[in-house]
1. Could you list Ser408, Ser788 so that the one with the fewest beta carbons within 10 Å of its beta carbon is first and the one with the most is last?
2. Can you return the lysines within cross-link range of Lys817? Criterion is Cα-Cα under 25 Å, with same-chain partners fewer than 8 residues away left out.
3. How do the peptides 536-543, 59-66, 840-847 rank, highest first, by the average count of neighbouring beta carbon atoms within 10 Å per residue?
4. Rounded to whole Å, give me the distance from the Cα center of region 155-228 to that of region 690-756.
5. For the chain, with the dipole built from +1 on Lys and Arg beta-carbon atoms and -1 on Asp and Glu ones, taken about the Cα centre, which of Phe787, Gly65, Pro460 lies farthest toward the positive end?
6. Which ³J(HN,Hα) values in Hz, rounded to whole numbers, follow from the phi angles of region 783-800 under the Karplus curve 6.51 cos²θ - 1.76 cosθ + 1.60, where θ = phi - 60° and Gly and Pro get x?
7. Please arrange Phe440, Phe148 by how many other C-beta atoms lie within 10 Å of their C-beta, fewest to most.
8. Which value in deg cm²/dmol, rounded to the nearest 500, describes the helix-derived mean residue ellipticity at 222 nm for the chain, given -39,500 (n - 2.57) per DSSP H run of n ≥ 4 and division by the residue count?
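All of the numbers you see were taken from the coordinates with simple rules; none came from a lab. Note that the coordinates shown come from a computational prediction; the quantities given were computed from them, not determined experimentally. Note: ideal-geometry Cβ built from the backbone for every residue, glycine included; neighbour counts use all protein chains shown.
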Amino acid sequence: MNNRTAKISIFILIATLISACNVVKKVPDKKFLLTKNEILINDKKNSQEDVVAQIIQQPNTSILGYKLRLNMYNLAKNNTDSIFRAKYTARPDKYRRKIKWLSKKQVDRLGKSFWYSGWHSFLRRTGEPPVIIDTAKTRRSIKRLRAFYFNQGYFDAKASFDIHYEENKRGNIVYKLSTGQPTFLDTISREIETPALDSLYLRSKRRSIIKEGQQYKAENFDAERNRITTYFRNHGVYYFQQQSIYFDIDTASKKSPVKINITDQIARKGDSTTTKPYDIYRISEVNIFTTDSVSKNRQKVADSAKYGNFNLYSSNKLRYRPRAITNAVFIYKDSVYSDSKRTQTLRSLNNLRIFNYPNITYTEDTISKTLKTNIYLVSKDKFSFRANADFTHSNIQDFGISGSTSVSIRNLFRGAEILELGLRGNIGSSKDLANPDDQFFNISEIGTDLRLSFPRLFLPFGTEKIVPKTMFPNSLISVGFAKQRNIGLDKENFTTTINYSWTPGRNTSARFDLVNIQYVKNINTKNYFNVYRSSYTKLNDFAGTYNTNPDYVDEFGNLTIAQGGADMFLEGALNNEFPSLDPAGTDFRSIKSIKERKDRLTENNLIFASNFSYSKDSKTDFFDKEFYSFRGKIESAGNVLSLAASLSNQPKSEDGTRTVFGLQYSQYIKTEFDYIKHWDLGNYNIFAVRSFFGIAIPYGNSKSIPFSRSYFAGGSNDNRAWQSYSLGPGRSGGLNDFNEANMKIALNAEFRYRYFGSFYGALFADCGNIWNVLDNETDETKVFTGFSSLKDLALGTGIGFRYDFKFFVARVDFGFKTYNPAKTENERWFKELNLSKSVLNIGINYPF
């Protein structure tokens, strides 16, 4: 009853505060607060974003109809210094009492404090002043509306407005526009003064953006002007300027003929100007200058070389093999000038990472109408050193300090190769039961990496016809080693990779790992039951029922871990050591399942894989809000080792598996697809969806997937109503500490909107789960058996808050279990929709 009374009291208080807010508090007399804009286009309401954007004055922003920022502004007091002084002027006795325990200076400074001044400054900055109806701005809005529709081909558009003044200093504006009939393009002709440009135009005419029968749109003419300019400048017209293009359009006719005019080049001679035909320029020579430092005399030469049609000069001894540099140049002797080739060359040279940003200049030969190309390259230092440190916090460690150092050696073999040697480490403190040491820093990790990159495909045969240099190919050979102490099972991890990457097209990338080797060695397998507590708890419960050996338990009757009691009970149970445990019973199968999981998670893994990944997105720039992205990957592991084991007649173990160098290797095939789509709904509203499917199928030498290659569900970038590793597999209920499986489906949808300023919100729904399929899992609650298993898809919904710091977005999400497949059928829907059962997720940037 008390709880209900408190809720009612809070509700009444909030309602009173909202109703007490006077939105016109700071609206001057005889002025009116703009409460609403209504736009009528041909007598029909229109709320399209591009149309609404033409209106200069917009009503104050609101959240669910409540003008929060306006009310914050209204709460702010003006002239806080005067108010503070008046407080003591009216009551000098109060001022004298206060300076007895505070100095006069301190009392006077109270007027500058946050409570008296800073708080009100914050309200004014964060709040929003009332939008006062301004007829001058309304008339400007009418002109903008008319111009907007004029640019769409409605040359006879007529616009007007009505202002409706209401009581209590409020008002709204109705904008009315009659478009009339649009104008369509009729015949398209041309008049090009330079004959060479006329021939060029005819070669690209079919790509024209303006076409007969098309409705007039100003943006199409701008786009056509840009297209023609780009085409000419990429086909030798070095001096071409966009202002040489203009269009003649008859706006008085509903079927308007269009004439494309391209004038000659305007040349200046002193104070006068003349015109002359445009010329098409070819490249007469390409000179490349390299230097070790920025110098006024960039063409100082101490060494030179000629490679093909390229001339290379160096201010010192030439440190680079000529081909290493010329492979990155796309400007060729005797080719026509091209803006795109210049841009491509700059990007390619920059990608070498051995030069500061390059510079390209052109010198004209007025007689031959050719251009001499000079490329200036300033070498970076051969050696560079980098170090950084950071403080960390995670679910593994309460506090940690991480750091890394690396040394880069550029141009290692004079072919623009880069060798990087890195060392990384971490020390941390954890209260985890798996790390019972009394030392504050009780966990650590150290690793080292070696990376050698090549600005080409490092293969013993030519690849130019397969992957041309226009795709910016790159090769990387890397070796890494890492060792953990007091983190889980204390792993040693050795990796080796040989991969090739290239960009087949705009916003497209491809990568092929020819070799991807990972060897994981678990050092402290005796720590298993300290790490995987859920397995220990279940095993301990069974021991309470069946154990008859007092050596396996401590004085409290619990299985010991450090002394090996849990492991000995597990082995004894499976060897029929306990008479009351039925080998054909459910408990025996559960104990066997615990043993199989322990063996899997503590075994050493040797993964010898190859994979190919491909990604593409349609995002044009950082500010693009409507785009899609796709990522696909396929991986195969163990086939080479399987062939080697067969050829060397390696014996098979009892379960039919083979080993290489005493290690059982993993064999599987894995594929995954990830698709993301964003729709811009206008007014800072975005609808985003994501779909993911992944499956890894063991075969041959494996009956399960290595833990490092398996899937998990839950977490801040997945299903946010469940914590990481806590969802699934299937409807099993996440009984293990780290639940994983070899198949995953994830579907996410999120509606993003803006509250005000840089503060955003989101409503989301996350659907998905993981399952075991085609492996050695026998628990039917975890196995995907067909379409009927899709009823085990979990659904989480929730609300999120974001703050945009421009360079990153801070994110907080509250996820609620809306459909939980782990519950009984009549308890799955809407049984956990309360704040106490929500899952808090804190992240950086958007989840997808």
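1. Numbers: Ser408 20, Ser788 8.
Result, fewest neighbours first: Ser788, Ser408.
2. Lys7, Lys677, Lys744, Lys782, Lys791, Lys831, Lys837
3. Working: 536-543: 18.8, 59-66: 13.0, 840-847: 15.0.
Ranked from most to least packed, the peptides come out as 536-543, 840-847, 59-66.
4. Answer, in whole Å: 50.
5. Gly65
6. Calculated HN-Hα couplings, in order: 9, 8, 10, x, 4, 5, 6, 5, 5, 8, 5, 8, 10, x, 10, x, 10, x Hz.
7. Working: Phe440 11, Phe148 18.
By the 10 Å Cβ count, ascending, the order reads Phe440, Phe148.
8. After summing the helix terms and dividing by residue count, I get -6500 deg cm²/dmol.
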